[in-house]
Amino acid sequence: MEAFAALIDALVYTRSRNEKLRLIAEYLRATPDPDRGWALAALADGLDFPAVKSGTIRTLLKERVDPVLWTLSRDFVGDTAETASLLWPAPAAAPSPPGVSEAVELLSAMTRKSVLTELPLLLDRLDADGRYALLKLATGGMRIGISSRLAKTAFAQAFAVPVDEVEEYWHGLHAPYGELFAWAAEGEPAPDIANLPTFRPFMLAHPLEDGTVDLADYAAEWKWDGIRVQLVRAGQGEAAQTRLFSRSGDDISATFPELLDMLPFPAVLDGELLVRGSAQGGEENERTQGGAASFNALQQRLGRKTVSKKMLAEAPAFVRLYDALLVEGEDWRPLPWSERRARLETLMPRLPASHFDLSKVVEARDFEHLAQIREGSREEAIEGLMLKRRDSPYIAGRRTGLWYKWKRDPLLVDCVLMYAQRGSGKRSSFYSDYTFGCWAGDPNDPHGAGAELLPVGKAYSGFTDEELKKLDRHVRGNTVKRFGPVRETDKSLVFEVAFDSVHASKRHKSGLAMRFPRIHRIRWDKPAHEADRIAALEALIRD
Amino acid sequence: MAAPFSWIRPEPHGIHVGPADCWIDPSRAVDRALVTHGHADHARGGHGQTVATPATLAIMDLRYNTREGATPVEYGETIRLPGGVDATYIPAGHVLGSAQILLEHAGERVVVTGDYKRRADPTCPPFEVTKCDIFITEATFGLPVFCHPPIAEEMRKLLDRLAAHPDACVLVGAYALGKAQRVIAELRAAGHHDPIYLHGAMERMCRLYEDHGVALGELRLVADHTKEEMRGSIVVCPPSALNDRWSRRLPEPITAMASGWMRVRQRARQRNVELPLVISDHADWGELTRTIEEVDAQENWITHGREDALLRWCQLHQRRARALALVGYEDEDD
């Protein structure tokens, strides 16, 4: 645990990507199995111990520290694991830290009941840095600025193997990744994942900032407003299995069971998951049975572990296909996009039209024309356009120049800051999460019944670190009330808020919910009474 | 007869002493100011009369040219103010010249600490516990997560890092008044006698410390030396210069910062610090609560900082306390 704690500590304070890679690679080479495998899993994906949650840590600390002092400390530090590691009473005995594997074994064996007595024993064996590393490891997401990709790249670097191969095997294996280390470090044969329903990393796009592309080299497709999914079927006959994965590789098969029996042959397909409705894709192509509902409708089905018959009937899901990675044992990824696309078209008759259609290619005379088409896309509640290089293979990750996403310009509205809350992680102790509102009634009508601000959204991005400092000072200097970690401000500051769309919502008093709101500009100059009214937002609802 | 302690009143711009019509550490220019120490959030220019220790006055003179109206008071000395108020200056252990101010009037005693710490500091005399009726304390690090480690440990971390990177330099961000000189003096005490390089903004304050008898060893200005000469050296700069273009002239600087905030990892990350040094000139949680116990005043007033937690602690320990909302105190760099 000491080496792991030292690694975590060093990573927290290291800025350079190369230095982070070096630190992780060095640890992976120097540490024996299975410690290094658990550490790698913790860094790349986070480990899950059902009995050990943030709530467990809070409970344990509140038995040892005054609850008010705990809450104030947690609020300032912005990280439960770190706060707990600092406030944990110093044990009487000298530290006797467990190894990573021993810690993992002990944590795995804990139950919701035993954790309250066993976790303290483990914490008592560690110093403050060790407690921090253990609690980070125990509660999943490390949030120390190491992406899954970076951890895998470090692994590849440590043993001089290609990172794409690591990605390929990764999702077919499990922590502590013994086979992966055997292959990379000991020269054993590569893990065999051919017959496993394994997630393959997605090809991703860069935003098209201000540039243009030549449509002779790039094809355009709609960017649908659903969730990107990968449907995988592997194995033969009785042994065949089908899985549905989200963009991050999470298995969401149970949430959309209607899709699992619909893929009649082994394949890895890339597409957009949508639910049936009329709002999207209003222009029907020949194989479309109907349009897709808005993202709002899809959201009702996300995040559910089980799904009722009623839901299946009311909001049936389907996949609008973009691409195919593997089909019946053949790897299509090295082929150019145009070839994959042509093959995918010939594949469509073999897929049930009830659950699959093909995302159509948008034809345009030239880039100007395409820009006009994109402008008109607002009515169809489409996120924007994708531009894909016609000759590009399917490459995991985000490779410059191959795919671009070209979103619609956002909608803008002027809102008034109402509440602020402290952020966590890198923004801990800064007031960085802002709730803002628009006017119900007319704030400029001196004879009116009085206007009231109603919250319409919350945002915590879109500003620079310098602006964050200024906003933090504004919040501290203009607080009128405190509710625990939340401060109510004096309603004097206007934000120009950008958002993708707005929907009717019963959950909010304003009756509105914004999609992807972010701070577009801070209007230090604009008086609050000139901010927009609720009616202006209502006029933008499209569903 | 006036109500008890009605002669001293917290106002948004400082603590006002009625009968003497003077202010303690006012955040705007006033006719008569009693100043605890030279940090900019406590000592501002433009007062008619400034009462402070000779070292604090020298610091203020250096910063604001405030020779006019300067009234020096030595540690332990009492000055009689108008309206029958006596003010005694007592070491606070914060920085050179820093003082607590004991105010006595009508048989009532009030101590204003300004900023203070309880740890040993080679650059100033230690804090003295002074019995009083009302204790007005700071609370910059008023959360139980703040526990400053022994400074020798932090010096070890710094010197170990330097030894491990002989071709680089370690750039230490440290507040220009107090922290920088303490770090240098502690490095000397830890046996580091190589020249230490200074950002230009540090020079005059270091000279002032030396003039007041604080030995800092050989100091050199970064501007006078080449990258090559500075390899394997410690460079000290104000925190604001840490991520500035200025540091490009240094040989592969490892960014360190000496501050009590470095106890919290995310705080260090926010400032892009690679080597956090938990060194503070303020009392940590343990020192704050111990001091309140030792002073054992009838009432504790808590000024700038995280007053909520210290108020809660007082409540849990049956001590009377209230928070003062004073404006203008900044503590982000300490």
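The values are calculated or read from the model by the stated rules, or taken from the named source; none is laboratory data. Source: prediction; values computed, not measured. Heads up, the Cβs are rebuilt from the backbone with ideal geometry, glycines too, and the neighbour counts pull from every protein chain shown.
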(request) Could you check A:PHE499 against (1) under 25 Å from A:ASP225 (Cα atoms); (2) surrounded by fewer than 19 Cβ atoms within 10 Å (Cβ to Cβ); (3) not aliphatic (A, V, I, L, M) and say which number it fails? (result) (2)
(message) Every residue in region A:488-503 that is modelled with pLDDT of 90 or more and outside any loop (DSSP other than H, G, I, E, B), please.
(response) A:GLU488, A:THR489, A:VAL494, A:PHE495, A:GLU496, A:VAL497, A:ALA498, A:PHE499
(message) Every residue in region A:404-438 that is within 14 Å of chain B (Cβ to nearest Cβ) and not small (Gly, Ala, Ser), please.
(response) A:ARG422, A:LYS426, A:ARG427, A:PHE430, A:TYR431
(message) If I ask for residues that are of a type in the set (A, V, I, L, M) and either crowded, with 18+ Cβ neighbours inside 10 Å or within 18 Å of A:ALA234 (Cα to Cα) (or both), which ones from region A:190-208 would you list?
(response) A:ILE193, A:ALA194, A:LEU196, A:MET203, A:LEU208
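If you take the residues in region A:174-183 that are of a type in the set (A, V, I, L, M) and over 11 Å from A:ALA41 (Cα atoms), which one is surrounded by the fewest Cβ atoms within 10 Å (Cβ to Cβ)? Even if it seems obvious, please write down each step before you answer.
Let us first name the residues in region A:174-183 that are of a type in the set (A, V, I, L, M), namely A:175, A:180, A:182.
After this cut, where a residue has to be over 11 Å from A:ALA41 (Cα atoms) as well, the list is A:180, A:182.
Numbers: A:LEU180: 26, A:ALA182: 15.
Per the criteria, the residue is A:ALA182.
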(request) Look at A:LYS305 and say whether it is modelled with pLDDT under 90, part of a helix (DSSP H, G or I) and not small (Gly, Ala, Ser). (result) no
(request) Specify which of the listed residues (A:ARG523, A:ARG507) is surrounded by 15 or more Cβ atoms within 10 Å (Cβ to Cβ), over 21 Å from the mean Cα position of the chain (by Cα) and more than 27 Å from A:GLY384 (Cα to Cα). (result) A:ARG523
(request) State all residues of region B:241-271 that are within 14 Å of chain A (Cβ to nearest Cβ) and without any contact (Cβ under 8 Å) to a residue 12 or more places away in the chain; if no residue qualifies, say none. (result) B:ASP244, B:ARG265, B:GLN266, B:ARG267, B:ALA268, B:ARG269, B:GLN270
(message) For region B:159-204, give me each residue that is of a type in the set (A, V, I, L, M, F, W, C), in a helix (DSSP H, G or I) and crowded, with 23+ Cβ neighbours inside 10 Å.
(response) B:ALA180, B:VAL183, B:ILE184, B:MET202
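Is there a residue being in contact with an Asp or Glu (Cβ under 7 Å, 6 or more places away or on another chain), within 14 Å of chain B (Cβ to nearest Cβ) and more than 19 Å from A:ALA128 (Cα to Cα) anywhere in region A:18-31?
Initially, region A:18-31 is screened for residues in contact with an Asp or Glu (Cβ under 7 Å, 6 or more places away or on another chain), giving none.
No, region A:18-31 contains no residue that is in contact with an Asp or Glu (Cβ under 7 Å, 6 or more places away or on another chain), within 14 Å of chain B (Cβ to nearest Cβ) and more than 19 Å from A:ALA128 (Cα to Cα).
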(request) Could you tell me whether B:HIS16 is free of Cβ contacts under 8 Å to residues at least 24 places away in the same chain, touching a strand residue (DSSP E or B) at 6+ places or on another chain (Cβ under 7 Å), in the same structural domain as B:ILE302 (by TED's automatic domain parsing) and assigned to a loop (DSSP other than H, G, I, E, B)? (result) no
(message) I'd like to verify a number: residues in region A:224-253 that are at pLDDT 90 or above and not aromatic (Phe, Trp, Tyr), how many?
(response) 16
(message) Just checking: which of the strands (runs of 3 or more DSSP E) contained wholly in region B:27-134 hold 1 or more residues that are closer than 30 Å to B:LEU187 by Cβ, of a type outside the set (Asp, Glu) and within 16 Å of the chain's Cα centre (by Cα)?
(response) B:49-52, B:85-91, B:99-105
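Within region A:96-104, can one find any residue that is closer than 30 Å to B:GLU307 by Cα and at pLDDT below 95? Spell out the reasoning first.
The initial filter retains those residues of region A:96-104 that are closer than 30 Å to B:GLU307 by Cα, namely none.
No: zero hits.
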(request) Kindly list the number of the only condition in (1) within 14 Å of chain A (Cβ to nearest Cβ); (2) touching a Lys or Arg at 6+ places or on another chain (Cβ under 6 Å) that fails for B:GLU274. (result) (2)
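Restricting attention to strands (runs of 3 or more DSSP E) lying wholly within region B:234-334, give those where 1 or more residues are surrounded by fewer than 22 Cβ atoms within 10 Å (Cβ to Cβ), among the charged types (D, E, K, R) and at pLDDT below 95. Break it down stepwise before answering.
Details: elements: B:234-237, B:253-258, B:275-277, B:299-305, B:320-323.
Because the criterion is at least 1 residues that are surrounded by fewer than 22 Cβ atoms within 10 Å (Cβ to Cβ), among the charged types (D, E, K, R) and at pLDDT below 95, the strands (runs of 3 or more DSSP E) in region B:234-334 that meet it are B:320-323.
Return the residues of region A:300-326 that are among the small types (Gly, Ala, Ser), farther than 19 Å from A:PRO349 by Cβ and touching a residue at least 40 places away in the same chain (Cβ under 8 Å); say none if nothing qualifies. Outline the logic, then answer.
We begin by selecting, within region A:300-326, every residue among the small types (Gly, Ala, Ser); these are A:303, A:308, A:313, A:315, A:317, A:324.
Within this subset, residues satisfying the condition of being farther than 19 Å from A:PRO349 by Cβ are A:303, A:308, A:313, A:315, A:317.
Of everything in region A:300-326, those that are among the small types (Gly, Ala, Ser), farther than 19 Å from A:PRO349 by Cβ and touching a residue at least 40 places away in the same chain (Cβ under 8 Å) turn out to be A:GLY303, A:ALA315, A:ALA317.
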(message) For region B:278-301, give me each residue that is within 14 Å of chain A (Cβ to nearest Cβ) and more than 13 Å from B:TYR116 (Cβ to Cβ).
(response) B:VAL278, B:TRP285, B:GLY286, B:THR289
(request) Look at B:VAL222 and say whether it is in the same structural domain as B:HIS193 (by TED's automatic domain parsing), closer than 23 Å to B:ALA189 by Cβ, in contact with a Phe, Trp or Tyr (Cβ under 7 Å, 6 or more places away or on another chain) and aliphatic (A, V, I, L, M). (result) no
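Kindly evaluate B:LEU34 against the criterion of being under 29 Å from B:ALA180 (Cα atoms), outside the structural domain of B:ALA176 (by TED's automatic domain parsing), in contact (Cβ under 8 Å) with a residue 40 or more places away in the chain and surrounded by fewer than 17 Cβ atoms within 10 Å (Cβ to Cβ).
On the way: under 29 Å from B:ALA180 (Cα atoms): yes; outside the structural domain of B:ALA176 (by TED's automatic domain parsing): yes; in contact (Cβ under 8 Å) with a residue 40 or more places away in the chain: yes; surrounded by fewer than 17 Cβ atoms within 10 Å (Cβ to Cβ): no.
Considered against the rule, which asks whether it is under 29 Å from B:ALA180 (Cα atoms), outside the structural domain of B:ALA176 (by TED's automatic domain parsing), in contact (Cβ under 8 Å) with a residue 40 or more places away in the chain and surrounded by fewer than 17 Cβ atoms within 10 Å (Cβ to Cβ), B:LEU34 comes out as no.
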(request) Among the residues of region A:48-79, write down those that are buried (at least 22 other Cβ atoms within 10 Å of the Cβ) and away from chain B (no Cβ under 14 Å). (result) A:VAL52, A:ILE57
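When the residues of region A:82-93 are filtered to those that are under 29 Å from the mean Cα position of the chain (by Cα) and touching a residue at least 24 places away in the same chain (Cβ under 8 Å), which remaining residue is nearest to the other protein chains (Cβ to nearest Cβ)?
We begin by selecting, within region A:82-93, every residue under 29 Å from the mean Cα position of the chain (by Cα); these are A:82-85.
Retained after the next criterion (residues that are touching a residue at least 24 places away in the same chain (Cβ under 8 Å)): A:82, A:84-85.
On the way: A:GLU82: 6, A:ALA84: 10, A:SER85: 9 Å.
Restricting to residues being under 29 Å from the mean Cα position of the chain (by Cα) and touching a residue at least 24 places away in the same chain (Cβ under 8 Å), the top hit is A:GLU82.
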(request) Could you please give the count of residues in region B:237-274 that are over 30 Å from A:ALA81 (Cβ atoms) and out of contact with any Cys (no Cβ under 9 Å at 6 or more places or on another chain)? (result) 7
(request) Please go through region B:17-31 and pick out each residue that is of a type in the set (A, V, I, L, M, F, W, C) and crowded, with 16+ Cβ neighbours inside 10 Å. (result) B:VAL17, B:ALA20, B:CYS22, B:TRP23, B:ILE24, B:VAL30
(request) Name the helices (runs of 4 or more DSSP H) wholly inside region A:94-193 in which the number of residues that are within 14 Å of chain B (Cβ to nearest Cβ) is 1 or more. (result) A:128-138
(request) Would you please name the residue that is modelled with the lowest pLDDT, looking only at residues in region A:520-543 that are more than 22 Å from A:GLY441 (Cβ to Cβ) and touching a Ser or Thr at 6+ places or on another chain (Cβ under 7 Å)? (result) A:ASP543
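Just a yes or no: is a residue in region B:205-218 closer than 19 Å to B:PRO276 by Cβ and part of a loop (DSSP other than H, G, I, E, B)?
Of all residues in region B:205-218, those closer than 19 Å to B:PRO276 by Cβ come to none.
Checked region B:205-218: no residue is closer than 19 Å to B:PRO276 by Cβ and part of a loop (DSSP other than H, G, I, E, B).
In region A:43-66, is there at least one residue being of a type in the set (Ser, Thr, Tyr) and closer than 16 Å to A:MET1 by Cβ?
Taking every residue of region A:43-66 in turn, none turns out to be of a type in the set (Ser, Thr, Tyr) and closer than 16 Å to A:MET1 by Cβ.
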